[in-house]
């Protein structure tokens, strides 16, 4: 799977901490284990919170890109 392929997307633009991570926690369950969720956010705190979320819950952060005020993450769901 290339860095641009994903199974589902979570659009968290315009939301602020803790909403993006709370939504991520719910949305990741809609992805099969091994599947990829793309998260798009505008809150800079996601650069800290999403990697910690992945580490704590056993998901893999496979890519993160910051483009101006937009933060895009690709997360592979763990077991």
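Every read-out reported here was derived from the displayed coordinates using simple, explicitly stated rules and does not represent laboratory data. Just so you know, these numbers come straight off a predicted model, no measurement behind them. Every residue, glycine among them, receives a Cβ derived from its backbone with ideal geometry; neighbour counts consider all protein chains shown.
Observations on the structure shown:
- Between 0 and 90°, nearest 10: helix 46-57 axis offset from the chain longest Cα axis: 30
- Cα-projected label distance for residue 64 with residue 47, points at 7 Å along beta-carbon direction, nm: 0.9
- Each Cα pair of region 8-76 feeds into the Kirkwood radius, which the Stokes-Einstein equation turns, at 10 °C and 1.306 mPa s, into a diffusion coefficient of 136 µm²/s.
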